[in-house]
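All of the numbers you see were taken from the coordinates with simple rules; none came from a lab. Since this is a predicted model, take the numbers as computed values, not measurements. Cβ placement follows ideal geometry from the backbone for every residue including glycine, while neighbour counts extend to all protein chains displayed.
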Amino acid sequence: MTNEKDNKADKPKKIREEDIASPKGMRDILDKEYYEYQGFFEKAADIAVYYGFRPIETPILEREAVFTSSLGVGTDIRDKEMYTLKTKGGDHLVMRPEGTAGIMRAYIENGMQALPQPVMFYNYGRYFRHENPQRGRLRELRQFGLEILGTPKSIADALVIRTMTLILDEAGFKNLSVEINSIGDKECRGSFVRELTNYYKKHIADICPNCKERIKTNPLRLLDCKDERCQDIKEKAPTPIDSLCNDCRHHFKEVIEYLEEMAIPYHINKNLVRGLDYYTRTVFEIIEINPKPEEGLSADALVPAPTPLSLGGGGRYDLLAKALGGKKDVPAVGGAIGVDRVIMSPTHKPQNPRILKKPKVYFIQLGNEAKLKSFSIIEVLRKAHVPIAQSLSKDGLAQQLAIAERSGAPYTIIFGQKEALDNTIIARNMETRSQETVKLADLPDFVKHLKDELR
């Protein structure tokens, strides 16, 4: 015998509205906006392929060690922002927070070292970070990335930056600047980190709590601090570029020469480090600059926007392969564009994706018999690659003709009860209002003629 308490336990809980809403920092992308994302990706892929990049797709779920071993202790992504889970089988997995580590894992796992080097990839996908959502910065984010693995040459750094700026230019961003720096390699970075650490220890009483922790865990991130109380100290701090060895200095000089040759505006930001352990030598961010000069400046001056947002960034990651268990270092460089920021920007110029084509024919059906046979007619048009629009759920002729007018389709095909019985269709020219009757058996030939006419 069950008691009242047991009955209450069996009753389903009332679902609140907030219980079935999309998670914080994640959202639905619908209709017009979806096509904007798709259009951006297609154009970006076209440019990437032209410059020699090939597609790659890695899993959304990766083993946790892929990121804990590569991102570095003291980084926000590793310590605060990763979505982690433990499977029933005991595997520790992560919803990927960024793309580079997964691509290097794929490079090692699939034996790509044996391929002709370098190997060049582009990728597009979703990434997940548990951070404070704001415009252009979501917990589910979309990125378009470029990676070149297997070469230490400076032209690879320049190629990544060039391709990213071209993609952004095609998306409507005509006033771009590259923030760029070099943080050295494993040979010269050690002495710089020691110098930086000693400098900050002298000012330990005056810096923010986060920086006090960074001294112990990730000293390079001291130069990333945005806290007001640390700014004066940071301004006088040693910089990576001043500690570069001859090889790193030469490499950075070559990258700058490429930017100048390509007329890409740049600014050497001595405090730019990007904060991840796997970065070496070149690090960069691409920002939109304000085309309107401030008072007192010349008309051609490049003035940072009042609140500039980085549209993309990246750098060289020559140490990543060994961090992931590779037998030897793999020189590599890459970058990624934050597609959400691009799409949400008022500067963005949407590109129609290939799947979204202006209809050439509007298909109208009337009556049950016509509805039953409608799919076979639509299939003739699809196989002939004629873009169409239709409203199969509508019934009235006037209503469907009004929709056909708004669609801008130059031709309308009308298929009613009489036509269904006679096995014919009516083809109407929407400009001249002339029309002709076509037998269903002749429809493929008519469509072929129509297609030639519409070119």
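Over all other residues within a Cβ to Cβ distance under 9 Å of Arg96, the charged ones net out to -1, with Lys and Arg as +1 and Asp and Glu as -1.
Is the C-alpha gyration tensor of region 361-454 telling us rounded, prolate or oblate? Criteria: a/c under 1.5 is rounded; beyond that, a/b larger than b/c is prolate, otherwise oblate. Here region 361-454 falls in the rounded category. Other residues lying with their Cβ under 15 Å from the Cβ of Asp318 contribute a combined charge of +2, Lys and Arg counting +1, Asp and Glu -1. Note on the chain: Rg/Rh from C-alpha atoms, Kirkwood Rh, equals 1.10. Calculated mean residue ellipticity, 222 nm, the chain: -10500 deg cm²/dmol, from DSSP H runs (n ≥ 4) at -39500 (n - 2.57) each, averaged per residue and rounded to 500. Straight-line cross-link reach from Lys360 at under 30 Å between alpha-carbon atoms covers these lysines, not counting any fewer than eight positions away in the same chain: Lys32, Lys43, Lys349, Lys371, Lys373, Lys383, Lys394, Lys418, Lys439, Lys448, Lys451.
Taking a straight Cα-Cα cut-off under 24 Å and skipping sequence neighbours fewer than 8 places away in the same chain, the lysines within cross-link reach of Lys86 are Lys24. Sequence-distant contacts, meaning Cα pairs under 8 Å at least 6 residues apart, place the relative contact order of region 361-454 at 31 percent. A straight Cα-to-Cα reach below 18 Å connects Lys328 with the aspartates and glutamates Glu109, Asp185, Glu187, Asp277, Asp318, residues fewer than 8 places away in its own chain not being considered. Here the chain carries DSSP beta bridges of which approximately 80% are antiparallel, counting only pairs with both residues inside.
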